[in-house]
Amino acid sequence: MFTPQAGIFALGTSAHAYLEFDILDAARRKEFASTISSIREPRTTTGGVNFVIGFRPELWRALAPNDIPAGVEGFNQPVRGVEDFVMPATQHDALVWLSGSAYDVLFDMARSVVHDMQGLASLADETSSWPYRHDRDLTGFIDGSENPTLLDAPEEALVPEATPGAAGSVLLLQKWKHKTTQWEALPVDQQEQIMGRNKPDSIELENKPEDSHVARTDQDEFGHIFRRNMPYGNVEDHGTVFVGFSAEQQRLSKMLDSMAGLVNGTRDALTRYTQPLTGSYYFVPSVESLRSFRQEEL
């Protein structure tokens, strides 16, 4: 049995930081893997910080060719949809996602991680996030209504046992900037039509429009995922960090295609009020896989 990284399922944390790195020298990728893998376990209980470590799929395949499902690849090309809508590809080499209950502790840990990477990788992108009104995003709607329970989440998020990459997960990370002024100018009933749910308690509309967000991301059609989305930003510049885990990359990529209008020509209405700024896929290996690199003699 392999063990998933515990941070995937560490709900209830109030501070988050997403650090994306690019390797400076590809010839030192094993040293990079050893260093980034070593930051996890010694610190998971110090100050209550959780770590999730992911690798660009092509990088992890070069490091551990038998420890990743076939066909998983990076976000290497933009998703170009109808009406000139584009989801950009901003793939990086690795992700360290930190989460915890106190941002001061998280901040110190994030600085330490960046320090550890000096000389091996550059910090390509950094985003901090936090929960808003318990489980809502900055549109005011509940986020994650279709999420599985923690009991069922591993089945949706993790690669099955006895297959390459067992207990690992494919992670889609995107940053979406909200067009808040335009969104808040809409009456609530129109917002609900765009979402496909009512605003107070997230009940799915019986006659939701075909271009509603719920219709365009129907998990019964594309497959179920486990989401850990969080708001980010400040008063002037803010939005949602989409954090989606899946046992299969196709569930995530098909969802994006549907939102962009590439499945049936109908674009997700919500994408008119939120703009994708980034897009990366990472493979999040099992704890045992990370340990194998930490212990390796380089």
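The values are calculated or read from the model by the stated rules, or taken from the named source; none is laboratory data. Quick caveat, the model's predicted, so the values are computed rather than measured. For neighbour counting, all protein chains shown are included, and Cβ atoms are generated from backbone atoms with ideal geometry for every residue, glycine included.
Figures for the structure shown
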{"item": "Count of segment 84-122 residues which are assigned to a loop (DSSP other than H, G, I, E, B) and touching a residue at least 40 places away in the same chain (Cβ under 8 Å)", "result": "11"}
{"item": "All positions within segment 270-298 that are buried (at least 21 other Cβ atoms within 10 Å of the Cβ), hydrophobic (A, V, I, L, M, F, W, C) and over 18 Å from the mean Cα position of the chain (by Cα)", "result": "Leu270, Leu290"}
{"item": "Segments classed as helices (runs of 4 or more DSSP H), wholly inside segment 219-298, with at least 2 members that are out of contact with any helix residue (DSSP H, G or I) (no Cβ under 6 Å at 6 or more places or on another chain), modelled with pLDDT of 95 or more and over 26 Å from Trp130 (Cα atoms)", "result": "249-259, 287-294"}
{"item": "Exclusive hit being loosely packed, with under 15 Cβ neighbours inside 10 Å and either in a strand (DSSP E or B) or not basic (Lys, Arg) (or both), set Pro148, Pro160, Pro164", "result": "Pro160"}
{"item": "Thr149, sole failed condition from (1) in contact (Cβ under 8 Å) with a residue 40 or more places away in the chain; (2) of a type in the set (Ser, Thr, Tyr); (3) out of contact with any strand residue (DSSP E or B) (no Cβ under 7 Å at 6 or more places or on another chain)", "result": "(1)"}
{"item": "Segment 201-213 residues that are in a loop (DSSP other than H, G, I, E, B), paired with ones that are of a type in the set (D, E, K, R) (beta carbon under 7 Å, 6 or more apart)", "result": "Ile203/Arg197; Leu205/Glu192; Leu205/Arg197; Asp211/Arg267; Asp211/Asp268"}
{"item": "Within segment 167-200, tally of residues that are surrounded by 15 or more Cβ atoms within 10 Å (Cβ to Cβ) and not in a helix (DSSP H, G or I)", "result": "16"}
{"item": "Residue pairs meeting the criteria (Cβ under 7 Å; at least 6 apart or on separate chains; first under 14 Å from Ala26 (Cβ atoms), in segment 51-62; second part of a helix (DSSP H, G or I))", "result": "Leu59/Arg29; Ala62/Arg29"}
{"item": "Hits in segment 15-39 - residues which are part of a loop (DSSP other than H, G, I, E, B) and either at pLDDT 95 or above or closer than 19 Å to Val170 by Cβ (or both)", "result": "Leu24, Asp25"}
{"item": "Single residue of segment 129-145 satisfying the filter (buried (at least 19 other Cβ atoms within 10 Å of the Cβ) and of a type in the set (S, T, N, Q)) that is farthest from Thr271 (Cα to Cα)", "result": "Ser129"}
{"item": "Residue in segment 130-144 that is without any contact (Cβ under 8 Å) to a residue 40 or more places away in the chain, assigned to a loop (DSSP other than H, G, I, E, B), of a type outside the set (A, V, I, L, M) and in contact with a His (Cβ under 9 Å, 6 or more places away or on another chain) present", "result": "no"}
